Each structure stands twice: as structure tokens, then as C-alpha cells.
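To start, the structure itself, in C-alpha cells.
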Amino acid sequence: MQQVRGVQKVTSESRDQGGMGVAYITVEFAHGTDMDFARLELSERITSLVPELPAGVGRPQISQYVPREFQEQTRPFLSYTLTGPYTLEALRAYVDDVIAPELRQVDGVAAVEAYGGRARVLEIRLDEAKIQALGITPDLVRARLQDLEVINEAGVVNVGGVLRTLAIRERAASVTDVLRLPLMNRGGRIIRVQDVGTVHDTYEEAESYYRIDGKPAVSFNVHKAIRTNAVRTADRVKERLAALETHFPPGVRLILDHDESEGVRKQLTDLRQRALVSAVVVFVVLLVFLRSFESSLIVFATIGFSVLIALNLMYWAGYTLNILTLMGLAMGFGLVVDNAIVVLENTYRLRRAGMPAEEAAEVGAREVVLAILAATLTTVVVLIPFVYLQGELRMYYVPLAIVVGLSLLASLFVAFTFIPALGARLLKTVPPAPADTAPGSPGAPIYIRLYRAMIAFTLRWPWLTVTCSLLVLGGSYYLFDKYVTRGILWGRWWGEDTSISIQIRLPRGEEISRTDELTRYFEAKLAALPEVERFVTNVTPQYASIRVTFPDSIEHTLIPVAIKEQMVAFSHQFGGAEVRVYGYGPSFYGGGGSPPNYSIQILGYNYERVREIAEDIGVRLERFSRIRDVDTNASGAWYERDKATEIIVQVDRSRLALYDLTVRDLINHVNAAIRGHTEQRSARIRVGGDELQFSVKLEGSQRMDLLELERLLIPTPSGRQVRLSSVATLTEREVLNRILREDQQYQRRVSYEFRGPTKLGDRVQEAVIAATALPPGYTIKTRDEWRWSAEERGQIYRVTAIALVLIFMTTAALFESIRLPLCVLLTVPMALIGVFLIFFYTGASFTREAYIGVIMVSGIVVNNSILLVDHINQLRWKTGAALEDAILQGTIERVRPILMTSSTTILGLLPLVLFSEVADQNIWNALTYTLIGGLSSSTLLVLTVTPALYLLFERRAERRRRAALQTATRAGVPTPAPLGPAGD
């Protein structure tokens with residue numbers, strides 16, 4: 001397989017499953033591989049290997065890999081439990097016959113799966129002494145039973161000149177007919193089933209138990225179809241079940257165990273409410289700054305128009321409203337008003353200067369058209385590289401980027417059509433500004449006077465200003481790098497509910513009765529705790545799990561932590577079983593413990609050496625006081641051991657031939673003696689109106705031990721009997737229970753729980769890996785399901801680099817310069833100061849959404865810098881003012897719109913993260929924190945550091961221009977018109 005073109009990685013799993021060997025091979029291809037040709041080539045290579053496969057091995061099947069994001073769409077999203085004063089089998093029959101068919105008709109439901117109860121089985125138990133005396137084999141009984149039902153067409157007969165079909169129909173009407181079934185004729189006497197055995201109409205042997213609060217129950221899961229609305233589908237299912245409940249048998253009740261749609265519904269409702277609060281906050285901020293209800297209403301109306309336009313564009317683009325698209329619209333509330341604020345504020349300033357309303361609206365919009373266009377384009381262009389994302393990143397964030405981009409483009413259209421038209425009419429009554437309110441006068445607002453003094457200082461000491469900002473950037477990054485958790489995937493780890501998982505493992509071969517007995521001890525302990533709301537138990541022969549949930553009132557308390565520790569202490573009383581107790585949810589992730597959250601993967605070509613390395617790592621990990629539950633064999637399910645013991649029957653074919661027996665005869669008789677002939681597909685008969693599974697086995701087969709098996713008598717064709725030990729040898733041997741390979745190397749994984757900060761846990765893991773000495777050819781690497789891959793990280797870094805290049809190109813085209821775009825682009829590291837500090841102080845995790853936020857904030861924070869630099873350029877071009885005078889006047893005239901746009905965006909985003917129970921509660925929190933932190937620090941530093949950078953970048957060019965003017969004046973050359981900043 002590794003020779004197929006485009007193959008990147010091959011992993012395999014070989015294991016025992018129901019007494020049969022099963023192997024799964026996963027082939028991963030590189031991006032850009034033509035999968036049609038790759039699948040064809042892979043099929044050809046596998047087909048060529050089929051003749052070389054051992055006899056009895058089925059033909060390999062190839063299926064297309066389903067990505068994780070689409071696998072989740074087919075998981076059960078509704079789980080119910082049916083309880084009542086009836087047997088499990090009766091409840092299961094009611095689910096299968098009544099509830100499941102009704103739910104399958106609901107639009108959006110893909111499947112309904114029922115669990116619990118046992119299937120009815122007709123069990124024929126043969127007396128071994130009698131069948132041996134009569135020479136009857138279990139295979140003969142099985143064959144007669146399968147021939148009991150005969151439905152066949154024998155031909156046609158002539159009845160009174162009419163041809164009629166002749167059919168042979170023979171079927172058992174009851175169990176009595178099975179008992180009286182003839183098996184053979186022995187000396188003129190018919191031997192029937194009742195002569196050599198008994199028939200039991202019973203249920204199949206229990207392979208698992210399912211209980212709720214210690215009481216037996218039947219559950220069923222509802223799966224929704226792909227690309228269906230989870231909330232609407234859940235509502236339709238609940239409606240249908242509500243109608244069915246009126247016809248339930250007396251005493252039967254239905255319990256909703258899990259509803260995935262509630263989480264979706266809660267997220268959407270929460271986001272809608274936060275979006276409305278954001279809109280109200282934006283309006284209040286506008287009212288405070290503009291001090292005019294009409295002006296505030298004009299700007300606020302742009303939100304409605306922009307959102308409506310964006311919704312129409314989303315509809316035509318085929319996007320739906322979901323959490324991600326609603327998040328994009330909500331985040332755009334503060335951004336879409338920025339363009340309108342700049343246009344209206346400039347119009348308002350000109351109107352206060354005495355310009356007529358119509359002329360002020362026209363000139364005010366024309367003066368800022370290039371700056372707004374460039375500022376909007378820099379925000380939009382950073383969204384373009386999102387199209388290069390692949391896989392899960394593309395599915396999540398491309399719709400988000402498109403919605404934000406559509407909202408911004410809609411706001412651009414509204415800012416230059418709706419705002420000037422309405423502003424010319426509503427701003428006619430604006431009084432002219434008093435003379436003493438000019439920026440430099442004593443009557444100017446206090447924040448203008450304070451800002452003027454600050455700017456004067458930064459222009460006097462530009463290098464000091466820049467150096468201080470660099471020191472702050474370095475200090476903030478130090479705190480971020482040391483204390484903030486990075487690179488994890490957002491997720492609430494089993495949802496937002498606090499729960500405890502008790503997992504019990506017994507050795508392979510243990511009976512389910514022993515596992516169930518041990519599980520009931522824990523159930524009795526839990527039933528005595530009033531703080532426990534519910535516990536759900538699943539029991540299989542060697543494994544059992546109990547999931548414990550709690551009332552909402554104690555979700556965020558230490559009570560679940562205390563109960564978890566009680567269960568841990570209680571588990572120490574049992575020997576021969578491995579019991580692990582894990583905690584999930586807010587109570588535990590707040591510091592009380594967690595499931596295994598770290599993993600180390602070892603790869604090598606020698607299985608035993610890989611095992612030794614893993615066990616050595618496990619020993620060293622257990623020395624750390626913060627590390628718990630070290631599992632050195634976590635390559636698969638933790639309750640599976642890497643090795644198992646099996647009994648081998650080595651057949652002596654020469655001795656078998658002496659008794660005229662074949663290996664097949666031996667296998668069939670041993671099979672009947674141990675577990676009976678039971679095959680789901682073929683071993684079925686119809687008794688009356690019911691189709692039943694049947695089983696033929698020897699009396700007492702379940703109680704057979706190894707010594708009895710050796711003494712088992714095998715009938716021969718001659719009528720004699722021979723013991724199994726005479727023709728075969730029974731031995732024990734150790735075998736691998738599960739083999740995992742990656743690129744032909746054995747794979748083993750060590751997982752453990754680290755109790756403490758994630759940052760410290762990362763350092764401990766790095767130290768353990770660094771201290772591990774590996775032989776040549778062996779590799780060790782980290783593996784964490786909750787962290788993003790190196791490939792995804794590379795995609796984000798590439799998109800960030802492309803976004804910065806596009807910002808530079810856009811601003812270079814606007815300013816026709818190389819230096820000034822650098823001045824604008826340096827706003828991005830200014831924004832990172834706020835990003836670093838907000839994650840440090842809030843304790844939030846820097847998830848993938850935060851990286852996406854950094855890309856978006858790169859395009860947003862340069863807007864203020866563009867407005868500032870463009871206005872300074874205009875002053876220098878129109879008035880010919882000196883460099884420092886133009887910088888001072890331009891920054892003071894732009895401080896108000898910059899503060900307004902930044903305040904509306906920041907305060908509009910705050911409701912998205914305020915009142916969250918934990919910093920990582922919602923998927924949008926990290927993205928919102930990034931935008932708030934980046935905008936906050938960049939706003940402050942754009943108004944202080946950017947003027948200093950502008951002075952440093954343009955000071956030398958300004959000196960050259962002044963020197964040229966002085967030379968021209970001395971030479972008597974006419975002085976040219978004022979020029980703008982020198983191009984490069």
C-alpha cells in the first residue's frame with residue numbers, strides 16, 4: 001500500500017473479535033492526490049494479493065474514509081430510556097414494534113437503535129450419553145431442525161380440468177412439534193428429539209446489562225440524517241413521542257437521557273441574546289459620543305441595513321444561519337458602524353465649521369473615501385486566504401470569514417449612500433462650533449487637551465516611545481508564553497455537565513456474572529448518596545462502566561470531586577479487577593482532576609522493545625506527584641490488555657485418521673460441547689407465527705472446564721467413541737490481543753492524567769521525552785486528541801503570512817509608498833500586546849479560534865492607523881504644513897472618530913464574553929477575547945506610537961524636501977506648490 005502514489009501514512013489494527021481475526025487498515029493520502037486514481041490503484045494492488053491470502057479469509061473491502069467532522073453528524077443526538085413494570089424483553093419488543101417504526105417516519109431521522117433486552121431463542125439441550133449410545137451427532141439434530149420448515153412448490157395438478165399449483169408446506173405449530181421431531185430410525189423405532197434431549201423456549205444468554213439507578217431498562221438512540229436541522233428534527237421527534245405516550249401500556253414511562261439539540265438550541269439562543277445586547281451597547285456608545293439622538297440613530301441604522309444585505313447575500317451564496325454564521329454577524333456589529341461613524345463624524349465636523357449641510361455631506365464623504373476604502377479592504381483581504389484552509393479548518397472558518405466579509409462590504413455600500421443622504425437632511429440644524437472649542441484652545445474637551453500634551457511628548461521623544469512599546473511587547477509575550485495554554489481544540493469535554501465515570505476491567509475470559517456482581521457493589525454505594533442525581537450502568541463480560549451525573553445546583557461545587565475520591569477509595573477494596581474513576585465537567589476541570597489528558601506515542605519495529613520503552617516511561621511518570629492514572633498500553637480502549645491467553649487444540653491428524661474422523665467433525669463436536677451451534681443468519685426456524693433463533697448444545701456445556709474438555713467423547717462413524725485427548729493436545733499460549741502499526745512500525749501509547757496547569761504539564765511531558773534514550777530506528781512523539789495537528793498549525797501560519805502581505809500591498813497602493821505601509825503594518829504587533837495580556841489575565845486557552853482571531857484582528861487594527869496616516873498626508877498636501885505640525889493637528893482631529901470606532905467595536909463585542917461561567921465556555925470566546933485585546937491595545941498605541949513612527953519614517957524625507965526648497969529659493973526659482981509625503 002505504501003507504494004501507491006500519494007500515500008502519506010498507513011496505520012493498521014489487528015485484533016480478535018468474537019473468536020475471529022479482524023484487521024483494519026487506514027491509508028492517508030497527501031493533499032492534492034487524485035483520489036479516484038488512488039482508489040483504483042489501491043484496489044488493483046489488493047486484488048492481486050487475494051490469491052495469496054490463507055483459506056477462509058474473506059475478501060478485503062475498501063471503504064472511503066469519513067472525516068471526523070462528518071462522523072459526528074451521524075452520532076445519536078437523542079437518547080431515551082423506556083421503563084415500566086414489564087420484562088426487559090417485553091419493553092424491547094414494544095420499542096422495536098411500536099416506537100422505532102414511528103420515529104423512522106419522522107423527517108430528518110436517519111436511524112433508530114434499541115439496546116437492552118434479549119432475543120428469544122429455542123434451546124435444544126442434548127444428553128451426551130444418550131446421543132453417543134444412539135450414534136446421533138449435534139450436527140444431525142441441527143440439520144433435522146433446519147428441515148422442519150419446508151415451503152416448496154412441487155408442480156401443478158389437474159383438478160376437474162383446472163390446473164392448480166401443488167405446494168408443500170410444513171411448519172412447526174408449537175414447541176411440542178419440535179419435541180416430536182423424528183431424528184432417525186433405530187431398529188424400527190423412531191428416535192425423536194424428546195428421546196435424547198429437552199427443548200427450552202427461553203432467551204439468549206446475556207452478553208450485556210443496561211441499568212439506570214440500578215434498575216433494568218431498555219434504551220434507544222435516534223440518529224439524525226446528515227445536513228438536517230438538529231433543533232427542528234428533535235422537535236419533530238418529541239412531538240411524535242408525545243403522541244405515542246398517550247397510548248403507552250399502563251405504568252410505562254419514557255425518560256429523555258440525552259438531547260444534543262438542547263446544547264445547540266442553548267448556544268443559538270445565547271448568541272442571539274448577546275447579539276441584541278451588543279446592538280444596544282453600540283447605540284448607547286454612539287449616543288454618548290455624538291450627543292445627538294438623530295446622529296446616533298443614523299449610524300445605528302447601518303447595522304440593520306448591513307445585516308439585511310449580508311443575509312440576502314448569504315442566501316444567494318447558499319449559507320444557513322448557524323452558530324458560526326451568527327457569530328460572524330454578531331462580531332460585525334461593531335465593525336459595520338465604523339465606516340458610517342467616520343463619514344458622519346467628518347460631515348459633522350465640516351458642518352460645525354460652517355459649511356452648508358449638503359456640501360458638508362458631499363465633501364465629508366469624498367475626503368474619507370480612500371481611507372475608508374483602504375481600511376475596509378485591509379479587513380476584507382485578510383479573509384481571502386481562508387480559502388486555502390483544508391479539512392476541518394475550512395469547514396469551520398470559511399463560512400465565518402465569508403459572513404464577516406459580506407457584512408463589511410454591505411457597510412461600505414451603506415456608508416457612502418445612506419449616511420450622506422440622511423446626514424444632509426438631519427444635520428441642517430447643527431450649530432457652528434464656538435471658537436474656543438478648537439483642539440488647541442482652552443475650551444476644547446479635556447480628553448483632547450490631555451491627548452495634545454501626550455502627543456507633544458511622543459513627538460519630542462519618538463525613539464523613547466517606540467522603545468517602551470517594544471519592551472511592553474516583549475514583557476507581554478513572556479507572560480503569554482509562560483502561563484497561557486496554546487494549541488488546544490475548543491471543546492467542553494463530554495459537554496457542560498459535571499459527571500463521574502467509573503470503569504471496571506476484569507481479566508479476559510471472566511464471566512459477565514462476576515463483572516455484574518462487582519458493578520452492583522458500586523451501584524449500591526451510589527444509591528446511598530443523596531447528592532447523586534442519576535447513574536447509568538453498562539456491563540459486558542470483562543468491562544463495565546457507570547456514568548454518574550449530578551443536579552445543576554452542585555455542578556460547580558466540590559461535592560462531585562469528593563464523591564469521586566470516595567469511589568477511588570472504595571475501588572481499592574477489590575482485588576483482581578482494575579477500577580478507574582474519572583471526572584468530567586466544570587467541577588473537575590476547575591482543578592479537581594480530569595481524564596487522561598496527555599499521551600506519548602512510541603514507534604518501533606520490535607514489539608517487545610517498544611513495550612519496554614513504554615513501561616520505562618510509565619515508571620518515570622509515576623514519580624511525579626501531579627501525575628495520576630498512568631496507562632502504558634493506551635493504544636486502544638484502555639480496558640484491553642496487550643496480551644491474552646488462549647487454549648490451542650493441536651490436532652494429531654494421523655491418530656484422527658485411525659478413527660475415520662475429519663478435522664471438521666472434531667471442530668463441530670467441540671463447538672457444540674462448548675457453546676452450541678448458534679448462528680444468527682442460518683440457525684433460525686419458524687414456530688407458529690414467530691421466527692426464532694435456535695441453539696443445539698450438550699447438556700452442561702457452559703460448565704465445562706479444561707479437564708472435562710480433554711475427556712470429551714467424540715463419536716466415530718463406526719459407532720465407537722474416542723476422547724478428545726486421544727486425538728488432540730490442549731496447550732496454553734500467550735498471544736497479542738491487539739496489534740497496532742503505523743507505517744509498518746509497532747505503535748504503543750502511554751497516557752496519563754496531569755493535575756495542574758496545562759503549561760506545566762507540557763513542560764513535564766517535554767522533559768520526560770527529552771530524558772528518554774531511544775535505540776536507533778525508534779521514535780517517540782506526543783499525541784493529543786485535544787490539540788490541533790502540525791499540519792493545521794502550518795495552515796494557520798501560512799494564512800497569517802499571506803494576510804500580512806495583502807495588507808501591505810493594499811496600503812502600498814493607497815499611499816504610493818513603501819515606508820508608510822510599514823508604519824501601518826507595525827500596528828499588528830501593537831495589537832498583539834493586548835492579545836497576550838487579555839489571555840494571561842482571563843486564564844482563557846489560546847485555541848484555534850484565537851489564531852483565527854489574530855488573522856482577523858490584523859486586518860481590523862490597521863484601520864485606525866490608515867485613517868490617521870491618510871489624514872496627516874492630506875494636511876501636508878493641502879496646507880503644506882510642517883511635518884510635526886501636520887502630525888499634531890492630524891492626530892488631534894482624528895482622535896474622536898478613532899475612539900468612537902474602537903469603543904463601539906470593543907463594547908459591542910463585550911456582551912459575547914461577559915457573564916460566561918468559565919473563560920472557555922463558548923466556541924466564540926477565544927475569538928472575541930482576541931479582537932477585544934487587540935483593538936484595545938492597538939487603539940491606545942496607534943494614538944501614541946504611530947505618530948512617533950510616522951515622524952521617524954518621514955523625518956529624513958522632510959529634511960530633504962526642505963533643503964530642496966531652500967536651495968530653490970536662494971537660486972530665485974519659484975517655490976512649488978505644497979507636496980505630500982515623498983514616495984519611495
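A crude spin-label estimate for the pair A813 and E732, with each label 7 Å from Cα along the Cβ direction, gives 7.8 nm. Remark: for residue pairs K130/K697; K238/K564; K215/K697; K564/K759; K224/K266; K525/K564, the C-alpha separation exceeds 23 Å in K238/K564; K215/K697; K564/K759. The stretch 598-623 and the stretch 834-911 have Cα centres separated by 51 Å. Charge tally for Y388 (other residues, Cβ to Cβ under 12 Å; Lys, Arg +1; Asp, Glu -1): +2.
Shown for the chain: the carbon plus sulfur share of the solvent-accessible area, taken with all protein chains present and a 1.4 angstrom probe, equals 56%. Contact order for the chain, expressed relative to its length and based on alpha carbon pairs under 8 Å spaced 6+ residues apart, stands at 16 percent. You can think of it this way: the chain between Y115 and M395 has 97.5 nm of extra reach, that is 0.36 nm per residue less the Cα-Cα gap.
Ordering F624, F550, F915 from largest to smallest accessible area (1.4 angstrom probe), what's the sequence?
Ranked list, largest accessible area first: F915, F624, F550.
When peptides 303-314, 341-352 are sorted by average Cβ neighbour count within 10 Å, with the highest value leading, the order is 341-352, 303-314.
Using the Karplus relation 6.51 cos²θ - 1.76 cosθ + 1.60 with θ = phi - 60°, the per-residue 3J(HN,Hα) values for the stretch 399-411 come to x, 4, 5, 5, 5, 4, x, 5, 5, 5, 5, 5, 5 Hz, with x marking Gly and Pro. Each of V382, F624, L825 was scored by the projection of its Cα onto the charge dipole of the chain, and the greatest displacement toward the positive side belongs to L825; charges sit on the C-beta of Lys, Arg, Asp and Glu.
For S292, the amide hydrogen comes within under 5 Å of no other amide hydrogen, counting only partners 5 or more places away or on other chains and with H modelled in the peptide plane. Stretched out straight at 0.36 nm per residue, the stretch from Y315 to A243 would grow longer than its current Cα-Cα span by 22.4 nm.
Computed 3J(HN,Hα) for the stretch 33-48, one whole-Hz value per residue from the Karplus formula 6.51 cos²θ - 1.76 cosθ + 1.60 where θ = phi - 60°, is 6, 6, 6, 5, 5, 5, 5, 4, 5, 5, 4, 5, 5, 5, 4, 5, glycine and proline marked x. How big is the gap, in Å, between the Cα center of the stretch 192-210 and the Cα center of the stretch 103-123? So the two Cα centres are separated by 23 Å. In terms of packing, defined here as the mean over residues of other Cβ atoms within 10 angstrom, the peptides 764-777, 931-944 line up highest first as 931-944, 764-777.
Ordering of 247-253, 6-12, 187-193, 602-608 by packing is 602-608, 6-12, 187-193, 247-253, highest average first (other Cβ atoms within 10 Å, averaged per residue). Heavy-atom accessible surface of the chain, averaged per residue, reaches 49 Å², computed with a 1.4 Å probe.
The values are calculated or read from the model by the stated rules, or taken from the named source; none is laboratory data. Please read these numbers as outputs of a predicted model, since none were measured by experiment. Cβ atoms come from the backbone with ideal geometry, glycine included; neighbour counts cover every protein chain shown. Remember, those area values only see protein heavy atoms, side chains included, never the ligands or the DNA or RNA. Shrake-Rupley method; radii C 1.70, N 1.55, O 1.52, S 1.80 Å.
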